[in-house]
């Protein structure tokens, strides 16, 4: 029965048909857009994985291109919020964090945004000190859309503290949204905070970005397994050791429990690249899970909400090539990159 339900839900989703070109059509009147930045690990220069012998300064031209495009097209595409799925850096070192903050500075104070901590943004134990140094709670606390962050019940916030898990609130199209950004494999105390936060905002529409959600269901034993093995919500983890929760555990302990949660965004799995899974929450509500990790090729996910049609168009646009992403070598089906789903906004 569960398989049949998922098949019916997926059948309700349609491929987005948009004109290709250097600049696609502006967002229609009455709509608004949430931009989701995939993993941004394409750093170049001294000490980076791609150019370890280079003497040049560390840089990330693709990351810069994405945030520049967002600001330039903010009005045209009616972008009201920006989310980053994590793996902000490739190597957890100050040189890359300086560049990451410089790239995000383009939207800082211009568009509300949130950032998720990926496995590359912390050490395996969950220590995200460098992220907290460059994207601390103090950086956001004066914005009226910033709702605060999780504070661990211990004196040292290196693990899970100081904006590693955060909440943002905004209003668009006469709708109130609550956006949670949860670190990779968030532990139980973080999920307890998330449950309480969502429960205290019953009239808000809830979106979650967390780094790991969709990909190979079991931990692959070979490199090819990341591509060929069965995919869905992941049953394995990378961070926080025994304290960490898998994607399935995060779904069971938090996400499926809330009737106002309707969208989960994630990255992490570049060899799965793009996936869309719809499942029913405990209250019969449809929750859409969307993976987008395009190996830092310049692609950007745009979730265009059209309230009068009760639809969300999911658009993948390559800001480096100025074209819609139609197909890729890993995911040749266009409907994985360009699609839409029904969502009541009345």
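Throughout, read-outs are computed from the coordinates displayed, never taken from laboratory work. Given the structure is predicted, the values throughout are model-derived calculations rather than measurements. Note: ideal-geometry Cβ built from the backbone for every residue, glycine included; neighbour counts use all protein chains shown.
Round to a whole angstrom and tell me the spacing of the C-alpha centers of region 44-118 and region 155-197.
Region 44-118 and region 155-197 have Cα centres separated by 21 Å.
Give me the extension gain from residue 156 to residue 57: residue separation times 0.36 nm, minus the current Cα-Cα distance, reported in nm with one decimal.
Details: separation 99, 0.36 × 99 = 35.64 nm, distance 3.28 nm.
Taking 0.36 nm per residue and subtracting the Cα distance, the gain is 32.4 nm.
Write down the percent of antiparallel bridges among all DSSP beta bridges whose residues are both part of the chain, to the nearest 5. Walk me through the intermediate numbers first.
Numbers: 41 of 63 bridges.
In the chain, approximately 65 percent of DSSP beta bridges are antiparallel ones.
Based on the Cβ-Cβ distance from residue 123 to residue 75, what FRET efficiency comes out when R0 is 35 Å, to the nearest 0.05?
Numbers: r = 40 Å, r/R0 = 1.15.
That pair, residue 123 with residue 75, gives E of 0.30.
How long are the semi-axes of the equivalent ellipsoid of the chain, defined as square roots of 5 times the Cα gyration tensor eigenvalues? Whole Å, largest first.
Numbers: eigenvalues 139, 116, 95 Å².
Square roots of five times the eigenvalues give 26, 24, 22 Å.
Mean residue ellipticity at 222 nm from the helices of the chain, using -39,500 (n - 2.57) per DSSP H segment of n ≥ 4 over the full residue count, to the nearest 500 deg cm²/dmol?
On the way: 7 runs with 62 residues, N = 346.
After summing the helix terms and dividing by residue count, I get -5000 deg cm²/dmol.
Within 10 Å of each residue's Cβ, count the other Cβ atoms and sort 276, 211, 313 from fewest upward.
Lowest to highest Cβ neighbour count: 276, 313, 211.
Of 282, 213, 252, 39, how do they rank once you tally other Cβ atoms within 10 Å and put the fewest first?
On the way: 282 11, 213 30, 252 15, 39 24.
Taking fewest neighbouring Cβ atoms as first place, the list is 282, 252, 39, 213.
Given contacts defined as C-alpha pairs under 8 Å and at least six residues apart, what's the relative contact order of region 2-342, whole-number percent? Show your work: numbers first, answer last.
On the way: 806 pairs, mean separation 66.5, N = 341.
For region 2-342, the relative contact order is 19 percent.
Most exposed first by the Cβ proxy, i.e. fewest other Cβ within 10 Å, how do 66, 79 rank?
Working: 66 27, 79 24.
Lowest count first: 79, 66.
With a point put 7 Å past each Cα toward its Cβ, work out how far residue 221 is from residue 310 in nm, to one decimal.
Simple spin-label model gives 4.8 nm for this pair.
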